[in-house]
Amino acid sequence: MKKLIFYSIFLISCLSIFTSCAYTLNEAIGATGSSNSKAALPTPTSFTIDYSSSASRPYLSWIESKHATGYEVYASTQSGNIENATKIAETKDAYYTDSDFSESEIKFYWVRAINSKKNKYSDYTNWILIKGTSSNSDFGKTPSTAGSSKLRNINPSSEYYNTGSITEGETVYWYYNLTKGIQYNVHWVDCKDGTSLTNIGNPTGDISVSCYLSNSPESYIFNSVDNGYTEEQSFIAGYTGYFMIAIQGISDGSFGLGIYEKE
């Protein structure tokens, strides 16, 4: 009888230890906690878009995320700010073709991974911008390949610049299609340069300029530089595609801004 009681206690103890270990294992792999938890999944990587005027339909693709049951595709025709985006598709595949794209528009795209069973989401990818062949809003001139010798004059030629006007407190966005691995210099003129630049309209406004890749604040290449005439900015493009230039108005007036490939 004593032996039977001893073995019973021993078996109960072993079962308790096993159950405890199983619970700890489940907790470690995330089986415990609220079913509404929105703990992030891995963000889809290698997000790219192939687009040609002949196809007229952007083809989005990315690498699958671990534990994802599907993906959400977002788009905006306004800006590279995810708050302006709308979900346009949900797919189980790691690719999507936007059949609603119009050649007369520009469109920003994002993708994020989802797990519908556990109600979990990843962060959004950085945006990619696609410009229709007939659209013409707020895009900079193609970067010049003439080199710095022709640009860094006291009176630079207007062919290397976009010109515009701005009001105090306003932000204007221009987009430049750059090529991966190429070094670019960004140069601008405003009322602070102290020269008479008649061939770009005698700039009368004061601006500061930022360049960034996406809606993420961590993606700035440079941020709020005040005088691009003496503080020309230089960087190497990390990917082929559109880069956003944000031009902030410090005072009302006109300005000129250009990007060129460094020889």
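The values are calculated or read from the model by the stated rules, or taken from the named source; none is laboratory data. Since the model is a prediction, treat every value here as computed from it, not as a measurement. When we count neighbours, we look across all protein chains shown, and the Cβ atoms used for this are built from the backbone with ideal geometry, even at glycine. Surface accessibility is based on the protein's heavy atoms, side chains included, excluding ligands, DNA and RNA. Shrake-Rupley method; radii C 1.70, N 1.55, O 1.52, S 1.80 Å.
Key figures
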read-out	value
Residue count, the range 216-244 (criterion: in a strand (DSSP E or B), farther than 19 Å from GLY164 by Cβ and in contact (Cβ under 8 Å) with a residue 60 or more places away in the chain)	1
Identity of the residue in the range 51-75, among the aliphatic types (A, V, I, L, M) and more than 24 Å from GLY132 (Cβ to Cβ), that ends up nearest to the chain's Cα centre (by Cα)	ILE63
Test: CYS211 is in contact with a strand residue (DSSP E or B) (Cβ under 7 Å, 6 or more places away or on another chain) and at pLDDT 90 or above	yes
Residue in the range 76-85 that is at negative phi and more than 21 Å from the chain's Cα centre (by Cα) present	no
Options THR195, THR142; residue that is modelled with pLDDT under 70, open to solvent by 30 Å² or more (accessible area, probe 1.4 Å) and outside any helix (DSSP H, G or I)	THR195
Residue, most open to solvent (accessible area, probe 1.4 Å), within the range 245-263, restricted to residues that are within 15 Å of LYS180 (Cα to Cα) and assigned to a strand (DSSP E or B)	GLU261
Search result, residues across the range 41-73 that are open to solvent by less than 60 Å² (accessible area, probe 1.4 Å) and outside any strand (DSSP E or B)	THR43, PRO44, TYR51, SER52, ALA55, SER56, PRO58, SER65, ALA68, THR69
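Residue-wise test of (1) among the polar types (S, T, N, Q); (2) open to solvent by less than 20 Å² (accessible area, probe 1.4 Å); (3) touching an Asp or Glu at 6+ places or on another chain (Cβ under 6 Å); (4) more than 14 Å from ILE49 (Cβ to Cβ).
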{"site": "ALA75", "(1), (2), (3), (4)": "no, yes, no, no"}
{"site": "TYR95", "(1), (2), (3), (4)": "no, no, no, no"}
{"site": "ASP100", "(1), (2), (3), (4)": "no, no, no, yes"}
{"site": "GLU105", "(1), (2), (3), (4)": "no, no, no, yes"}
{"site": "PHE108", "(1), (2), (3), (4)": "no, yes, no, no"}
{"site": "THR133", "(1), (2), (3), (4)": "yes, no, yes, yes"}
